[in-house]
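Read-outs: derived from the displayed coordinates by stated rules, not from any lab. Given the structure is predicted, the values throughout are model-derived calculations rather than measurements. When we count neighbours, we look across all protein chains shown, and the Cβ atoms used for this are built from the backbone with ideal geometry, even at glycine.
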Amino acid sequence: MSKAVYIATMEKSSGKSIVTLGLMRMLLGTLAKVGYFKPIISDLKEGEIDNHINTAISHFKLDISYDEAYAFTKSEVLEKMNDNKIDEVFDVIIEKYKAIEEKFDFVLIEGTDFSGEGTATELEINTDIAKNLGIPVIIIESGSGKTMKEFINNLLSAYHLFEDNDVKVLAVIANKVHAKNLELVQDELYHNLPKNVSVHAIPRIQFLANPTINEVIKKLNAEVLFGQGDELNNQVAHYIVGAMRLQNYLPRLKEDTLIVTPGDRSDLILGALQANISYNYPTVAGIVLSGGIKPEQPIIELIEGLSRKIPILSVPEDTYPVTKAVGKIRSQIYAENKQKISLSIRTFDKYVADYELSNALITFKTSGITPRMFQYNLLKRAQEHKKHIVLPEGNDERILKAAARLASQGIVDLTVLGNIKKITKRIELLGIESGFKNITLINPAESSNFKDYVKTLYELRKHKKMDMTVAEDKMKDVSYFGTMMVYKGHADGMVSGAAHTTQHTILPALQFIKTRPGVSVVSSIFFMCLDDRVAVFGDCAINPNPTAEQLAEIAISSADSTKAFGIEPKVAMLSYSSGSSGIGEDVEHVREATKIVKKKRPDITIEGPIQYDAAVDPLIGKSKLPGSQVAGQASVLIFPDLNTGNNTYKAVQRETGALAIGPMLQGLNKPVNDLSRGCTVDDIFNTVIITAIQAEGL
């Protein structure tokens, strides 16, 4: 189940506030605690705060601070993009979102405001945020100033933009639609969108579009001469310039008019005040006095004596620029304006809120976990359950860089093996001394545990004719020493292989750590972080030609490992044929392995034999294996042999740019993981993290 929804638009002044307020009220009618998050806010002047955040927090009394409710300003994001650090933006957004998610039953996430330049960039960022958080969206589009064709095309473009980027659209809301066109707009959207997309249309509500005197004060930086409290929430529906004689401008007054006039026009000021209390004239919203001129003292005393006043403001600018600025003011909903908040919620309830949308929000289930969210969850799990990992290859620069990074982030405790003098010199040359403050360096032959480890190895292997001399030679080998640390409980896991072969890394583990009860074969999986999901590939590193029984065991181990890492296992046993149509020794081999899994572990959702395309593509899967619980949605892909698996994972990695985390060995009593000799610092970093998480369950 998704615990959040993303409110997105393609333009400024779309009316997001109505939807945010309405959704918040609707959700609070079903759930006890609903949170709010706006990842990126517009740039603000010093001392200002984001109005949307302030309104949501204060009106609904949310248990969240202002700083918790956002991650970046727009200019900060653009700066990160220019420095090629956009990944940092998404990492921080995920971290802040997860902190809020832990406190609330559901989180309402509001997209950017599209203020200033860079609309195309904002569209991409909004899409990527929703995608990386793995949450659905509600799209809002304003009908103001658009033809029907433009409006519908814009909404459809927005829908396809998100869907094409693997972001599920739950609903589209056509906002600020002319009342007479509501049904027409809904009909057009119903005919052009899938039936599972909820469609709604909200008419333009003039009261919500009108700015208040408070907004005029803020935009003009005006001084308030008269007016306080609710008077400053007066709505401005019209504005006129008071430059003509009184008898000529009075007939031009309309309901809720703002009058802009020079401050020395006492006749117009007094005329407006009188009109406001006259039954023969409409209500005046307020007066703006231009030119920095204020009424003389007798006029001020006259105004002060009135029982019914209207807001009077003073600005230093001349009449024309002030009038032009007033015309550009766009209304917002502020926390203090209870009338607008109440009307917004009532409008949403009338035109949008329904059981269908509420149920879709609360019951929406994501199809998988996003790669960034997966990596974030890994890192947090490792930090929460800090484990001790040994890295035997201290002579490798990549190992040292990864170790410094891991230690500086407090993810694991580390021991690095090798020649201490050489390691120390290399650390200094790399400039990463600060990262090694809390890392233990050990030269195996000089360790206080060396003799005990030698004796232990001798006792474990004497039945294989190992004598003490051989045991001592073996224990000088960093792979044996590191593995013994894990065996003795002096470390929780080991990661090696950057400078050693797979056999050199795992042979000691096979000799004395051994496999878990009921497991006869050690195998491996890769977590393939694809563009839109995380898939698990096995076995791509250990077993060249597994028997049907071994293949079944690999599938079972892979399913269990996948579940332990927070991914729902749906296992595809891959072959060159799908279902019962294919024949041949290789197909029968996979078919037999599938039968064994179903018999041993009926709780595992599995399909086989099945081709790769049918396993991952919903349309092809439905065509080739209709009714299958795995076809088109496989999360675990088991390859029939090492040749196929190893080449496939590397092909996918290189051709798609996918991050391959692993290999992670499975089946051992304690975690020992093997790196590729072509591994990067990131590969080592990620493999240490998954090793630490493995150690939690062993």
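Does region 213-330 come out rounded, prolate or oblate by the C-alpha gyration tensor, with a ≥ b ≥ c the root eigenvalues, rounded set by a/c under 1.5 and, if not, prolate when a/b is larger than b/c and oblate if not? Before the final figure, lay out each step's value.
Numbers: a/c = 1.19, a/b = 1.15, b/c = 1.04.
Cα axes put region 213-330 in the rounded bin.
Taking the alpha-carbon centroid of each part, what is the distance from region 529-576 to region 209-247 in angstrom?
Centre-to-centre distance over Cα atoms comes out at 67 Å.
Mind checking region 1-88 for trypsin sites (Lys or Arg not before Pro) that DSSP puts in a loop (not H, G, I, E or B) and that have at most 12 other Cβ atoms within 10 Å?
K45, K61, K85
May I ask you to derive the relative contact order of region 518-667, considering only C-alpha pairs under 8 Å and at least 6 residues apart, and to give it as an integer percent?
Relative CO of region 518-667 lands at 37 percent.
Quick check on the exposure proxy: order V587, V536 from fewest to most C-beta atoms within 10 angstrom.
V587, V536
Straight-line reach from K103: which aspartates and glutamates have Cα under 20 Å away, leaving out those fewer than 8 places along the same chain?
Candidates past the 8-residue exclusion: D63, D67, E68, D91, E95, E384.
Would you mind checking the pairs K401/K451; K401/K421; K401/K422; K195/K622; K218/K340; K180/K340 and listing those with alpha carbons more than 21 angstrom apart?
K401/K451; K180/K340
Using Cα-Cα distances under 8 Å and only pairs 6 or more residues apart, what relative contact order does the chain have, in percent?
On the way: 1327 pairs, mean separation 78.6, N = 698.
Relative contact order comes out at 11 percent.
Once a ≥ b ≥ c are taken as the square roots of the eigenvalues of the Cα gyration tensor of region 429-501, is the result rounded (a/c under 1.5), prolate (a/b larger than b/c) or oblate (a/b not larger than b/c)?
It comes out prolate by the Cα gyration axes.
From the Cα gyration tensor of region 518-667, with a ≥ b ≥ c the square roots of its eigenvalues, which class applies: rounded if a/c is under 1.5, or else prolate if a/b is larger than b/c, or else oblate?
Rounded, since a/c falls under 1.5.
At most 14 other C-beta atoms within 10 Å and a DSSP loop state: those are the exposed GluC sites (Glu not before Pro) I care about. Give me the longest piece of the chain that has none.
The segment 297-698 is the longest one with no such site.
Would you mind ranking H589, H238, H463 so that the residue whose beta carbon has the fewest other beta carbons within 10 Å leads the list?
Exposure proxy ranking, most exposed first: H463, H238, H589.
Which of these values of mean projected area of the Cα convex hull in nm² was calculated from the structure shown: (i) 38.7; (ii) 36.6; (iii) 34.2?
Given (i) 38.7; (ii) 36.6; (iii) 34.2, the calculated one carries the label (i).
Using the Cα centre of region 518-667 as the reference point, and only Cβ charges (+1 on K/R, -1 on D/E), how large is the resulting charge dipole? Debye, rounded to the nearest 20. If you can, show how the numbers build up before the last one.
On the way: 13 positive and 17 negative charges, 60 e Å.
My answer is approximately 280 debye.
Run lengths n ≥ 4 of DSSP H only: what is the helix-derived mean residue ellipticity at 222 nm for the chain, with -39500 (n - 2.57) per run over all residues, to the nearest 500?
-13500 deg cm²/dmol
Exposure proxy check: D613, D492 ranked by fewest other beta carbons within 10 Å?
Ordered by Cβ neighbours within 10 Å, fewest first: D613, D492.
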